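Encoded as structure tokens, the structure appears first; notes follow it.
The values are calculated or read from the model by the stated rules, or taken from the named source; none is laboratory data. What you see is a predicted model, and the numbers here were worked out from it, not measured in a lab. With ideal geometry, Cβ positions are generated from the backbone for all residues, glycine too; neighbour counts draw on all protein chains shown.
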Amino acid sequence: MSSKRILVVDDSPTDRHHLSEMLVRKGYNVITAESAEDGIAKAKTDKPDLIVMDVVMPGVNGFQATRTLTGDDATKHIPIILCTSKNQDTDRVWGMRQGAKDYVTKPVNESELIGKVAALA
């Protein structure tokens, strides 16, 4: 089992719980954040091995948070997987340009997410 720490950033309590459950079942330690701002702060203090980031959130969105984290020397080494309902090719390209390492769409396929997490964490 892995002891890697994954930060799940999502404003939806249901999605946070669902993603956390998937990751915990595979042996990951999960930290959660309810907003992009909280996620940025926790990334700096908790130093997770990987971040799963929602895009559509009030205030700072996941694209902006990804750009902030990948541009900061303290957090730029942490891989980010965007996890969102935005499934257009342009969204995927834009997310990768912000510094994300991968992209999954909701509803999340558990084996796809776990495979991507395992490859990056």
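Scanning the stretch 1-46 for residues that are of a type in the set (D, E, K, R), more than 24 Å from residue 86 (Cβ to Cβ) and in contact (Cβ under 8 Å) with a residue 40 or more places away in the chain yields a count of 4. You will find that of 56, 52, the residue that is within 13 Å of the chain's Cα centre (by Cα), part of a loop (DSSP other than H, G, I, E, B) and of a type in the set (A, V, I, L, M) is 56 and no other. Filtering the stretch 82-121 to residues that are surrounded by 13 or more Cβ atoms within 10 Å (Cβ to Cβ), more than 17 Å from residue 30 (Cβ to Cβ), basic (Lys, Arg) and at pLDDT 95 or above leaves 92, 101, 106. Within the stretch 70-116, the residues that satisfy the criterion of being farther than 22 Å from residue 12 by Cα, out of contact with any strand residue (DSSP E or B) (no Cβ under 8 Å at 6 or more places or on another chain) and hydroxyl-bearing (Ser, Thr, Tyr) are 75, 90.
Among the conditions (1) out of contact with any strand residue (DSSP E or B) (no Cβ under 8 Å at 6 or more places or on another chain); (2) not in a helix (DSSP H, G or I), the only one that residue 44 does not satisfy is (2). Looking only at the stretch 82-111, residues that are of a type in the set (A, V, I, L, M) and either within 14 Å of residue 56 (Cα to Cα) or assigned to a loop (DSSP other than H, G, I, E, B) (or both) come to 4 in all.
Quick check on the stretch 59-74: of everything there that is assigned to a loop (DSSP other than H, G, I, E, B) and more than 13 Å from the chain's Cα centre (by Cα), which residue is surrounded by the fewest Cβ atoms within 10 Å (Cβ to Cβ)? Only one residue fits best here, namely 73. Taking every residue in the stretch 63-77 that is in contact (Cβ under 8 Å) with a residue 24 or more places away in the chain and pairing it with any residue that is among the polar types (S, T, N, Q) and assigned to a loop (DSSP other than H, G, I, E, B), at least 6 positions away or on another chain, the pairs with Cβ-Cβ distances below 6 Å are 63/98; 66/98; 67/98; 69/75. The number of residues in the stretch 1-17 that are assigned to a loop (DSSP other than H, G, I, E, B) and touching a Ser or Thr at 6+ places or on another chain (Cβ under 8 Å) comes to 2.
Anything in the stretch 18-29 that is outside any helix (DSSP H, G or I) and either among the polar types (S, T, N, Q) or under 11 Å from the mean Cα position of the chain (by Cα) (or both)? List them, or say none.
Just the residues of the stretch 18-29 that are outside any helix (DSSP H, G or I), to begin with: 26-29.
29, the sole residue that qualifies.
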